[in-house]
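In what follows, a single structure is set out as structure tokens and then discussed.
The values are calculated or read from the model by the stated rules, or taken from the named source; none is laboratory data. Please read all numbers here as calculations on a predicted model, not as lab measurements. Cβ coordinates were reconstructed from backbone atoms using ideal geometry, including for glycine residues, and neighbour counts include every protein chain displayed. The protein model used for the area step is the full one, side chains on, heavy atoms only, and it has no ligands, DNA or RNA in it. Shrake-Rupley method; radii C 1.70, N 1.55, O 1.52, S 1.80 Å.
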Amino acid sequence: MRTTKDRIRHTLGFEIIGLIIFAPLASLVFGFELHLMGVMAVVGSIIATFWNYVYNLWFDHAMLKLRGDVRKTVPIRVFHALLFEGGLLLLFLPMIAWYLSISLWEAFMMDIAMATFYLVYAFVYNLAYDRVFPIPHPTRQVPG
């Protein structure tokens with residue numbers, strides 16, 4: 001299982017790289033000024049950072065209990081990313097509508113587009129992260 005230090009490195013890397021890519025792209029695609037998209041992205045990143053830590057800890061504990069292992073296959077990675085983005089969508093939607101003064105429907109459509117971006121990004125980032133920082137195999141102690 002990953003250590004707290006590793007989880008923090010994972011989360012911070014994910015959010016910083018995501019912000020660098022997302023804010024300018026969102027400004028271009030949605031037609032809002034860069035500073036509005038930047039603020040929205042930073043607040044969303046803060047929400048996502050806490051959600052990311054809690055969610056990944058929960059997911060790994062569930063995998064350990066159900067499978068006895070926390071290594072993720074591609075299908076598990078896809079499920080992991082979809083479930084993460086679904087939870088984030090519920091947490092982030094009201095903030096988008098309020099901050100941009102748009103309807104919940106418009107916020108929902110924007111959030112779906114953002115979730116699609118982050119779904120692909122999360123899959124690629126986590127796949128790369130697992131290759132760069134592989135999960136160590138647990139050492140089992142033999143009862144003496």
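Do we find that TYR129 is closer than 18 Å to ILE16 by Cα, under 11 Å from the mean Cα position of the chain (by Cα) and at pLDDT 90 or above in this structure? No; evaluated as a whole, the condition is false for this residue. In this structure, is MET114 modelled with pLDDT of 90 or more, touching a Phe, Trp or Tyr at 6+ places or on another chain (Cβ under 8 Å), within 23 Å of LEU12 (Cα to Cα) and open to solvent by less than 30 Å² (accessible area, probe 1.4 Å)? It is false that MET114 is modelled with pLDDT of 90 or more, touching a Phe, Trp or Tyr at 6+ places or on another chain (Cβ under 8 Å), within 23 Å of LEU12 (Cα to Cα) and open to solvent by less than 30 Å² (accessible area, probe 1.4 Å).
Return the residues of segment 58-73 that are among the hydrophobic types (A, V, I, L, M, F, W, C) and within 21 Å of ILE17 (Cβ to Cβ); say none if nothing qualifies. Scanning segment 58-73 gives a single hit, PHE59. Contact map, segment 115-134: residues that are small (Gly, Ala, Ser) paired with residues that are part of a helix (DSSP H, G or I) and open to solvent by less than 40 Å² (accessible area, probe 1.4 Å), Cβ distance under 6 Å, separation 6+ or inter-chain. Pairs shown: ALA115/GLU85; ALA115/LEU89; ALA122/ALA81.
The residues listed here are HIS137, HIS80; of these, the one that is within 18 Å of ASP60 (Cβ to Cβ) and without any contact (Cβ under 8 Å) to a residue 24 or more places away in the chain is HIS137.
Go through the residues of segment 13-32 one by one and say whether even a single one is closer than 20 Å to VAL124 by Cα and acidic (Asp, Glu). Yes: one or more hits.
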